[in-house]
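The values are calculated or read from the model by the stated rules, or taken from the named source; none is laboratory data. Predicted model, so just to flag it, every value in this text is computed and none were measured. Surface accessibility is based on the protein's heavy atoms, side chains included, excluding ligands, DNA and RNA. Shrake-Rupley method; radii C 1.70, N 1.55, O 1.52, S 1.80 Å.
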Amino acid sequence: MHMLTVRINDFLLARLLREGSDLQDINHPEGRRKVAYLEAWISIIGNLVLALLKFIFGIILNSIALLADAVHTASDVLTSFMVLLGFKLSSIPPDEKHPYGHGRIEFIATLIIALMLIGVGIKFGLESFARLRTHIVVEGSLGIALFMVLAGLLKELMSRISIDLGNRIKAPALLADAWHHRTDALASILVAVAILASKYGYYKVDAVLGLVVSVLIIYTGIEIFIDASSKIIGESNAEDVAKISNLACSVEGVVAAHDINVHNYGGNKAISLHIEVEDNLSMEMAHDVAHEVENLINKNMYASTTVHVDKVKKK
Ligand SMILES: [Zn+2]
Ligand SMILES: [Zn+2]
Ligand SMILES: [Zn+2]
């Protein structure tokens, strides 16, 4: 399934990023936003199609459980709409009150989606616990079980597409949405397990598995919540720092760089650093070098950079 996922995403991204020259790069805030929208729309359309299928088969197979599940699947578009909304609002240009733009709204949206995921996990856990304590026979035909497995596989594919896209643009919001898909995939497959197990007299298998799954979901939700919180607080990124240092030192006249700070605003970055130049350099030359460093970093990292110049003794 992994190769299929990567192929689907490569295909879609090639199509998505074709027009518009500066939107080729998914690290560009614009390109990044497009990828997030893609994930959200795949999820929304996928869920609506799946809900419709469940509704149709619910009627054909005469299953109330399937009809109820169709309603749940339709309501799942909510988290994906949160992704759309979060990335839409984060694209609002800078204003007087928010000179660094609104990119961090993405992280707030991530917090909300993570909370929704934790909520789904708790609900799933409570339902599983209730099933563990009461004796309910899950009625269902082999046809329903088979359909639920197929629905689960489709949703797992959606989950993997979202995870891959989320990793490509480093957006935890997409990962949280993906894990919601995975929850539903596992829930669907557990329904099939319950139907089959009930036929052989095992009534609690799905409840036990459901509890395990719910713990996994809650754990993942908390992890994503902490990750987004850390980004709001402001975290250092060794990868970015190394890249900035290399870019700065590639400019002629720069001996070294230190005190590199990166403020991540979702897509945009505000960067500050000190460069060391030899002390025989004139004020004018040093200023030119500083500007060259700023421009180079701005261009490569879609950032707004400020450079401070330190003079070091020529060896
Ligand atoms: Zn759901
Ligand atoms: Zn310094
Ligand atoms: Zn200047």
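Quick one: length gained pulling Leu216 to Ser282 fully straight, 0.36 nm per residue minus the C-alpha distance?
This chain segment gains 17.7 nm when fully extended.
Suppose all protein chains stay in the model; what accessible area per residue would a 1.4 Å probe give for the stretch 238-312, in Å²?
Dividing the accessible area of the stretch 238-312 by its residue count gives 53 Å².
At 222 nm, what value in deg cm²/dmol follows for the chain if DSSP H runs of at least 4 each add -39500 (n - 2.57) and the sum is divided by all its residues, to the nearest 500? Walk me through the intermediate numbers first.
Numbers: 10 runs with 216 residues, N = 315.
For the chain, the value works out to -24000 deg cm²/dmol.
Calculate, for the stretch 63-125, the solvent-accessible area per residue in square angstrom, rolling a 1.4 angstrom probe over the heavy atoms of the protein chains. Walk me through the numbers before you get to the answer.
Numbers: 3130 Å² over 63 residues.
Solvent-accessible surface per residue comes out at 50 Å².
Just want to confirm a number: the relative contact order over the stretch 238-312, from Cα pairs under 8 angstrom separated by 6+ residues, in percent.
Working: 128 pairs, mean separation 24.0, N = 75.
Worked out over the stretch 238-312, it gives 32 percent.
Return P(r) of the chain (all Cα-Cα pairs; 10 Å bins starting at 0; whole %; ordered from short to long distances).
In whole percents, the pair-distance histogram is 6, 22, 25, 19, 13, 8, 4, 2, 0.
Could you put Arg15, Arg133 in order of accessible surface area, largest first, with the 1.4 Å probe and the full protein assembly present?
On the way: Arg15 125, Arg133 180 Å².
Largest accessible area first, the residues go Arg133, Arg15.
Taking all protein chains in place and a 1.4 Å probe, what share, in percent, of the accessible surface of the chain do carbon and sulfur account for? Let's see the in-between values first.
Values: 10990 of 16700 Å².
C and S atoms contribute 66 percent here.
With the contact rule set at Cα under 8 Å and sequence spacing of 6 or more, what percent relative contact order holds for the chain?
17
Taking the Cα centre of each part, how many Å lie between the stretch 187-226 and the stretch 120-175?
The two parts, judged by their Cα centres, are 8 Å apart.
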